[in-house]
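Note sheet for the following structure.
Each reported figure results from applying straightforward, stated rules to the coordinates on display, with no laboratory input. Small disclaimer: the values here were computed from a predicted structure and weren't measured. Note that we place each Cβ from the backbone using ideal geometry, even for glycine, and neighbour counts take in every protein chain shown.
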Amino acid sequence: MARTNFDQLLQAGCHFGHLKRKWNPAMAPYIYTERNGIHIIDLHKTVAKIDEAADALKQIAKSGKKVLFVATKKQTKEVIAEKAASVNMPYVIERWPGGMLTNFPTIRKAVKKMANIDKLMNDGTYSNLSKRELLQITRQRAKLEKNLGSIADLTRLPSALFVVDVLKENIAVREANRLGIPVFGIVDTNSDPNNIDFVIPANDDAKDSVEVILNACCSAIAEGIEERKAEKADEKAADAQGEAEDDEAKPKRARKARKDADAPAAEEAAPAEEEATEE
């Protein structure tokens, strides 16, 4: 069963591309026609690509790995933050921190610095500072929170990137390509799909268009997470059952061992009784 359908995408305006003069020829396979100087995206192909991307995202989530969502466009920030947070995935909606993937240890240091500031504020270490110094630290903490707060739980490189507008987020795409991290991207008619592993041809400017695609992809991620929890629960139950069977088998083995040990003694006692009878 498809995760989206033609009518849903049409109603959300996913078919609207950019002006014909701004197009990227590499997007030709995904363009249905041109109307009033604007390219129209083939939504039948979009439906198929969404299903393909959703299945891959589900497997990533099922294996317990993270997907980093990236969208710094004003109209898509809130949607990305809401959908990514709903499936407990990290996201970047402010300016992309250069080197976030290729220089990940430095980014982790900045996140740890934010955590250290919180710790020192809570234990009263900063209580003796002047108002000016405290204000500087507070501002630094707020800046770190704004840029890196949404990736505070990302302790290792993500297993995939989900990018809205691959042209605007080209630095993030290049970093992911360099490290071999697969990229899922909503690609409009003015973008190059060649560096994107899972292309979703659609309008990347409209909030409704991005939201309907994210709904399908995030629901797939949620399914993967639930399946992982179910598998872990089954494994735990199987382990518990195995331990119970072992515990139950132990007394039986002990009784059998005692019985085997008593058998030779009984055999020795039998001849002795026979000798006593003969006498």
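A few notes on this one:
- Between ASP246 and GLU34, the contour length at 0.36 nm per residue exceeds the alpha carbon distance by 69.3 nm.
- Using the Karplus relation 6.51 cos²θ - 1.76 cosθ + 1.60 with θ = phi - 60°, the per-residue 3J(HN,Hα) values for segment 152-164 come to 4, 8, 7, 8, 9, 4, x, 7, 7, 10, 10, 10, 9 Hz, with x marking Gly and Pro.
- Note on LYS207 and ASP51: the model spin-label points, each 7 Å out from Cα along the C-beta direction, lie 3.1 nm apart.
- Counting DSSP beta bridges with both ends in the chain, the antiparallel % (nearest 5): 30 percent
- Dividing the convex hull volume of the alpha carbon atoms of the chain by its residue count gives 231 Å³ per residue.
- Length-normalised contact order for the chain - Cα pairs under 8 Å, 6+ apart - percent: 27 percent
- Here the calculated FRET efficiency for LEU120 and ASN195, from their Cβ-Cβ distance with R0 = 25 Å, stands at 0.05, rounded to the nearest 0.05.
- Between ASP42 and ALA110, full extension at 0.36 nm per residue minus the direct alpha carbon distance yields a gain of 20.1 nm.
- Tensor-based shape of segment 6-97 (alpha-carbon gyration tensor, a/c under 1.5 rounded, otherwise prolate or oblate): prolate
- In degrees, nearest ten, helix 207-278 long axis to first principal axis of the chain (Cα): 10 degrees
- Amide H contacts of PHE69 (H built 1.01 Å from N, under 5 Å, at least 5 apart or other chain): TYR91, VAL92, PHE162
- Cα-Cα over 20 Å, subset of LYS62/LYS83; LYS83/LYS113; LYS112/LYS146; LYS143/LYS168; LYS109/LYS168: LYS83/LYS113; LYS143/LYS168; LYS109/LYS168
- Net dipole in debye of the chain [+1 Lys, Arg Cβ; -1 Asp, Glu Cβ; about Cα centre; nearest 20]: 3260 debye
- Extension reserve of the LEU19-ALA222 stretch, reckoned as 0.36 nm per residue once the Cα distance is removed: 69.5 nm
- The Rg/Rh ratio for segment 102-156 is 1.03, where Rg is the radius of gyration of the alpha carbons and Rh is the Kirkwood radius.
- Highest GNM mean-square fluctuation among SER150, SER130, SER191, for the chain modelled with Cα contacts below 10 Å: SER130.
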